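The values are calculated or read from the model by the stated rules, or taken from the named source; none is laboratory data. Because the structure is predicted, anything quoted here is derived from the model rather than measured. Positions of Cβ are generated from backbone atoms using ideal geometry, with glycine treated the same way; all protein chains shown enter the neighbour counts. These accessible areas exclude ligands, DNA and RNA; they are computed on the full protein's heavy atoms, side chains included. Shrake-Rupley method; radii C 1.70, N 1.55, O 1.52, S 1.80 Å.
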Amino acid sequence: MAEPKILIVYASRTGNTEKLAQAVAEGARSAGGVSVELKRARDTKPSDADADAFAFWSHSAFEYMAGELKSLFEDFYIVRDKLAGKPVLLFTTGQGGQSSTLASIDRDVGVFNPGQDWY
Ligand SMILES: Cc1cc2nc3c(=O)[nH]c(=O)nc-3n(C[C@H](O)[C@H](O)[C@H](O)COP(=O)(O)O)c2cc1C
């Protein structure tokens, strides 16, 4: 049987989030038993909604998620049935004012009726 696939999607302007997402992907791979794919939000397509679990991660900008992640959520809306019921992890990177950003991601992800979401 194929290993469950975790898709880690991130947006990063100056590279901090990218480094953190790479480290989390490496950690998840080293735990074994799962296949881990890491993609920038702007390179992620509705066909990627076939993964078994997701992590969405954005840097904070003006207390909101990056535009490319917001745009992806709009693209995912047409395949929202594929995300329903699946586990989702949410992350944000910031300099102390990131809770509104996390709330913005949580609000959009809530549209997809995830099975569980953690942050
Ligand atoms: C234009 C701009 C707006 C920002 N707005 C926020 C913010 O609202 N809250 C916060 O915590 N950090 C904010 N930051 C800080 C970044 O989120 C932080 O530097 C983060 O590490 C950048 O991640 P990245 O390197 O992946 O782009 C802002 C940075 C910039 C340049």
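Whose amide H sits under 5 Å from the amide H of residue 93, counting only residues 5 or more places off or on another chain, with H placed in the peptide plane?
Under 5 Å from the amide H of residue 93: 58, 59, 60.
Using Stokes-Einstein with the Kirkwood hydrodynamic radius over Cα pairs, what translational diffusion coefficient do you get for the chain at 4 °C and a viscosity of 1.567 mPa s, in µm²/s rounded to a whole number? Before the final figure, lay out each step's value.
Numbers: Rh = 14.2 Å.
Translational diffusion coefficient: 91 µm²/s.
Give me the accessible area per residue for the range 57-119, probe 1.4 Å, as a whole number in Å². Don't skip to the end; give the middle numbers.
Values: 3480 Å² over 63 residues.
Ligands and nucleic acids excluded, the figure is 55 Å² per residue.
How high is the relative contact order of the chain, given as a whole-number percent (alpha carbon pairs under 8 Å, six or more residues apart)?
Values: 213 pairs, mean separation 32.4, N = 119.
Contact order relative to length: 27 percent.
Among residues other than residue 3 whose Cβ falls under 11 Å from its Cβ, what is the net charge (Lys/Arg +1, Asp/Glu -1)? Write out the running numbers ahead of the final one.
Working: positive: 5, 29; negative: 52.
Once positives and negatives cancel, what remains is +1.
Looking at the range 57-119, what % of the alpha carbon pairs are farther apart than 20 Å?
Values: 441 of 1953 pairs.
In whole percent, the share of Cα-Cα pairs in the range 57-119 beyond 20 Å is 23.
Give, rounded to the nearest 20 debye, the magnitude of the charge dipole that the chain has about its Cα centre when Lys and Arg contribute +1 at Cβ and Asp and Glu contribute -1 at Cβ. Don't jump to the answer; show the numbers that get you there.
Working: 13 positive and 16 negative charges, 30 e Å.
Dipole about the Cα centre, nearest 20: 140 debye.
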